[in-house]
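Working notes for the structure below.
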Amino acid sequence: MTSEGEELSASTPNVSAETVPEDTGVVHHDKVPSDQINLRFLLVSGKKTDMFCGPTETIDAVRNKIYQNWPGAWEAEKPANVGQIRILFRGKFLEQFQSTLESHKIPVGQTTTVHLVIRTTVDPQPEAAESEPKAAPPSHPPEAQSSRCCVIL
């Protein structure tokens, strides 16, 4: 039985890949083809895996690839959907999902470490925020809410 990560590395000819440990789906590439980018994804927990991507792939395509090839050893940290995956490169979130890897100046033919951040909460929809009950206005005018002090000598 091969893991998803092993299948991914097997699709790239003449590339040495080391899977650590067996059947976890975690892949580390030793060599990178000159026309590919080896993205090394690093989770907050310190776990990492490698994945080959083309320089013209969009950020959205990379996020989908990550989700579809999520390592089996990372199941406890797997996001519920692709929308929860954020990619951090050189201190900036890659949020323009239709931009390409080369537009972010990620070098081709090399291994580049990027951080994966899994958002566990989703921003509320604007209409949901409007339907929430609003806080009741204060029952006293603002000047009555100020604190007062009395000193007896």
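The values are calculated or read from the model by the stated rules, or taken from the named source; none is laboratory data. Here the structure is a predicted model, which means the values were calculated and not measured. Cβ placement follows ideal geometry from the backbone for every residue including glycine, while neighbour counts extend to all protein chains displayed.
Quick look at the numbers
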| quantity | calculated |
| --- | --- |
| Checklist (1) over 19 Å from the mean Cα position of the chain (by Cα); (2) modelled with pLDDT of 50 or more applied to residue 22, failing item | (2) |
| Near pairs, Cβ below 8 angstrom, 6+ apart or cross-chain, from the stretch 54-82 (at negative phi) to any residue that is aromatic (Phe, Trp, Tyr) and in a helix (DSSP H, G or I) | 79/67; 81/67; 82/67 |
| Residue that is nearest to residue 38 (Cα to Cα) [pool: residues in the stretch 105-126 that are touching a residue at least 24 places away in the same chain (Cβ under 8 Å) and not in a loop (DSSP other than H, G, I, E, B)] | 111 |
| Hits in the stretch 54-91 (condition: over 17 Å from residue 44 (Cβ atoms) and in a strand (DSSP E or B)) | 58 |
| Among residues of the stretch 27-66, those that are among the hydroxyl-bearing types (Ser, Thr, Tyr), in contact with a strand residue (DSSP E or B) (Cβ under 6 Å, 6 or more places away or on another chain) and more than 16 Å from residue 98 (Cα to Cα), counted | 1 |
| Those residues of the stretch 65-98 which are among the polar types (S, T, N, Q), within 12 Å of the chain's Cα centre (by Cα) and surrounded by fewer than 16 Cβ atoms within 10 Å (Cβ to Cβ), in sequence order | 81 |
| Enumeration of residues in the stretch 60-97 that are closer than 20 Å to residue 112 by Cβ and among the β-branched types (Val, Ile, Thr) | 62, 66, 85, 87 |
